Amino acid sequence: MTAPTHTPSLLCPSLRRLLSMLALTATLAGCGVTRPYYSGFYLDAPTLQESDRSEMVVYLDAMIRAEKIKGLSFSLPGGKSQSIVPHDETSPPTIDWLPLPVLFATRFILNPKLKGLEVDLYVQTEADGYTPVTAIQELDGRVRIQMGAARKTLLPEGGAPTPAALSARFGIGAVTADDRQWQPIELYALEQALGLLAPAELATLSSLPFVRKQRAERATKSLPPDKVWGLYEGNAGDDQPRRIFLYDTKEKHENSLFIGDPGQAYPIVTMCLLHEMGHALADFARIQAYRTRNQQISQHNELVERWNALLAADRLQGAERDELKQKLAQIRAESDGYEPQFMQTKRDYDRSHGPVHATYRRVRGPDRGPTEYGRTDIEESFAESFALYKADPAALRRIYPEVHDWFAAGGHLQALREGLGAHAGLLDKPATSLAQRGSGAVIEDAQRK
Ligand SMILES: [Zn+2]
């Protein structure tokens with residue numbers, strides 16, 4: 001990282017840590033960003049003390065005097081807004097009056113290598129606890145800082161919901177612990193994520209279990225196992241349902257970042273969980289196609305078994321024989337009738353990752369994002385955009401206005417309905433956590449990721 005020209009040479013330890021963090025981020029972001037983006041990096045922000053103020057003020061005042069800052073505006077709790085650059089008659093001569101969290105966020109986002117970035121930071125101070133601050137550096141270098149009200153704790157007053165309460169309220173499957181317990185902040189984050197979903201979106205998660213595990217068993221796309229924070233596993237077989245996993249993340253990660261507006265801050269874990277829910281939604285037509293096919297095959301196999309058993313016992317005769325024959329003919333006809341839609345769905349997913357991703361790709365265009373990780377491929381891009389649309393729609397609008405409007409118009413659900421064909425009515429059913437259907441023969445265990 002090239003140090004900004006006005007960096008004072010004496011840094012207190014917390015700011016030294018801040019600068020090393022900046023270096024990491026800058027490496028990730030790289031140069032030549034042409035599209036705004038949202039942060040997706042790990043962060044462990046230091047707890048600030050009042051003694052940190054003078055260094056930040058000296059630095060920022062020097063930057064302003066040297067006209068290194070193209071634009072700098074703040075909005076503070078209570079609706080107070082102030083522009084420092086460009087200077088006008090209302091602009092104060094220095095920025096020493098600004099709250100500590102705002103100074104920190106400004107110092108952080110002013111790095112020339114963070115052009116285009118939005119980051120939602122919890123700035124921790126000894127006096128006030130956690131202060132949510134949104135920091136944005138536009139592509140032209142203008143910086144906008146928005147601060148919310150400080151809070152002493154990140155959990156709501158009533159505490160976190162229980163796993164059983166979440167399953168019952170939202171109709172998802174069991175919320176269970178594998179080799180890790182759900183932390184209260186994670187249960188709260190899951191509640192927030194599910195609460196942000198529209199009924200049709202929630203219907204795609206019907207009976208889907210959520211599992212807390214220490215770490216992923218294998219690498220996922222560009223990430224090694226210890227960097228995977230969440231995982232959607234898409235099994236089509238009834239005996240091995242699809243699942244969403246939440247794994248450990250870097251310690252204190254959830255104390256340093258949030259997602260949303262500073263006036264409506266959600267835990268950063270909510271973004272991870274919404275991301276996985278986005279995968280589950282986009283995969284729903286494929287899952288339904290395989291489920292339907294599996295059920296038809298299992299019904300057919302059961303009838304054939306009965307037929308063979310009766311035949312072996314020399315009892316295949318009369319009305320029972322006729323009934324079995326008729327049922328077999330019926331299930332074969334159903335299966336044949338369903339075959340074209342099944343093959344079409346399979347082709348759609350093989351070729352373009354299904355109807356939701358295909359439509360999303362057209363709306364989004366070729367610019368990859370909306371986060372670093374969203375640049376991986378179209379599936380990760382969709383999942384990140386879905387999470388942003390739900391928890392921080394303003395952030396998505398800044399990056400992909402067309403994608404924001406597509407979600408707002410229900411474009412993702414329309415694409416899914418078309419992909420579901422005869423099963424589109426499933427989106428209108430309330431999610432239910434009732435037991436899985438009985439297990440049957442599995443034609444193909446379509447595991448993805
Ligand atoms: Zn993903």
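The values are calculated or read from the model by the stated rules, or taken from the named source; none is laboratory data. On a predicted model such as this, the values are computed, not experimentally measured, just so you know. Ideal geometry is used to build each Cβ from the backbone, glycine not excepted, and the neighbour counts take in all protein chains shown.
Numbers at a glance
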| quantity | calculated |
| --- | --- |
| Filter result (within 12 Å of the ligand (Cβ to nearest atom), part of a loop (DSSP other than H, G, I, E, B) and over 16 Å from Ser39 (Cβ atoms)) within the stretch 374-414 | Asp377 |
| Arg142 vs. criteria touching a residue at least 60 places away in the same chain (Cβ under 8 Å) and either charged (D, E, K, R) or more than 29 Å from Tyr266 (Cβ to Cβ) (or both) | yes |
| Check on Gly260, buried (at least 16 other Cβ atoms within 10 Å of the Cβ), modelled with pLDDT of 95 or more and more than 16 Å from the ligand (Cβ to nearest atom) | yes |
| Filter result (in contact with a Lys or Arg (Cβ under 8 Å, 6 or more places away or on another chain), outside any helix (DSSP H, G or I) and within 16 Å of the ligand (Cβ to nearest atom)) within the stretch 193-209 | Leu208 |
| Among (1) within 14 Å of the chain's Cα centre (by Cα); (2) more than 16 Å from the ligand (Cβ to nearest atom); (3) among the hydrophobic types (A, V, I, L, M, F, W, C) - the single one Val175 does not satisfy | (1) |
| Any hit, the stretch 270-283, residues being within 16 Å of the ligand (Cβ to nearest atom) and more than 14 Å from Ala387 (Cβ to Cβ) | yes |
| Residues that are buried (at least 18 other Cβ atoms within 10 Å of the Cβ) and either over 23 Å from Glu191 (Cβ atoms) or in contact with a helix residue (DSSP H, G or I) (Cβ under 6 Å, 6 or more places away or on another chain) (or both), drawn from the stretch 209-219 | Ala216 |
| Qualifying residue in the stretch 365-373 (condition: in a helix (DSSP H, G or I), within 16 Å of the ligand (Cβ to nearest atom) and on the phi < 0 side of the Ramachandran plot) | yes |
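For every residue, the table says whether it meets (1) more than 21 Å from Gly260 (Cβ to Cβ); (2) modelled with pLDDT of 95 or more; (3) among the aliphatic types (A, V, I, L, M); (4) in contact with a helix residue (DSSP H, G or I) (Cβ under 8 Å, 6 or more places away or on another chain).
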site: Tyr349; (1), (2), (3), (4): yes, yes, no, yes
site: Ala358; (1), (2), (3), (4): yes, yes, yes, yes
site: Arg362; (1), (2), (3), (4): yes, yes, no, no
site: Gly365; (1), (2), (3), (4): yes, yes, no, yes
site: Pro370; (1), (2), (3), (4): no, yes, no, yes
site: Glu379; (1), (2), (3), (4): yes, yes, no, yes
site: Leu396; (1), (2), (3), (4): no, yes, yes, yes
site: Ala415; (1), (2), (3), (4): yes, yes, yes, yes
